[in-house]
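Everything on this sheet refers to the single structure shown next.
Here, each number is a calculation from the coordinates, and none is a lab measurement. Just so it is clear, the model here is predicted, and its values are computed rather than measured. Ideal geometry is used to build each Cβ from the backbone, glycine not excepted, and the neighbour counts take in all protein chains shown.
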Amino acid sequence: MTHVGHCQCGGVTVTLSAEPVDACYCHCSICRRSTGAPLIAVVVMPEGGMEITLAEGVTLN
């Protein structure tokens with residue numbers, strides 16, 4: 001099953017074409033500090049199982 005998601009403006013689309021290898025929550029100090037959140041969700045995908053598509057004119061920093 002393929003899952004597709006995108007950011008609020010639609011400039012970035014993520015397509016998942018495989019099942020995740022693993023998933024977990026991280027609450028280490030580095031993840032908390034970099035996001036400002038108490039934890040983050042992490043999903044590990046197999047190589048080639050995720051595609052990121054950018055709309056014209058969109059860049060990732």
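Among the numbered conditions (1) touching a residue at least 40 places away in the same chain (Cβ under 8 Å); (2) not in a strand (DSSP E or B), the only one that Ser34 does not meet is (1).
Filtered by the rule that a residue be outside any strand (DSSP E or B) and either touching a Pro at 6+ places or on another chain (Cβ under 7 Å) or under 19 Å from Ile40 (Cβ atoms) (or both), segment 1-27 gives Cys7, Gln8, Ala18, Pro20, Val21, His27.
Scanning segment 1-45 for residues that are surrounded by 10 or more Cβ atoms within 10 Å (Cβ to Cβ) and either basic (Lys, Arg) or on the phi > 0 side of the Ramachandran plot (or both) yields a count of 1. Among the residues of segment 46-61, how many are surrounded by 10 or more Cβ atoms within 10 Å (Cβ to Cβ), out of contact with any strand residue (DSSP E or B) (no Cβ under 8 Å at 6 or more places or on another chain) and hydroxyl-bearing (Ser, Thr, Tyr)? Summing the residues that are surrounded by 10 or more Cβ atoms within 10 Å (Cβ to Cβ), out of contact with any strand residue (DSSP E or B) (no Cβ under 8 Å at 6 or more places or on another chain) and hydroxyl-bearing (Ser, Thr, Tyr) in segment 46-61 gives 0. Restricting attention to segment 38-51, the residues that are assigned to a loop (DSSP other than H, G, I, E, B) and touching a helix residue (DSSP H, G or I) at 6+ places or on another chain (Cβ under 8 Å) total 2.
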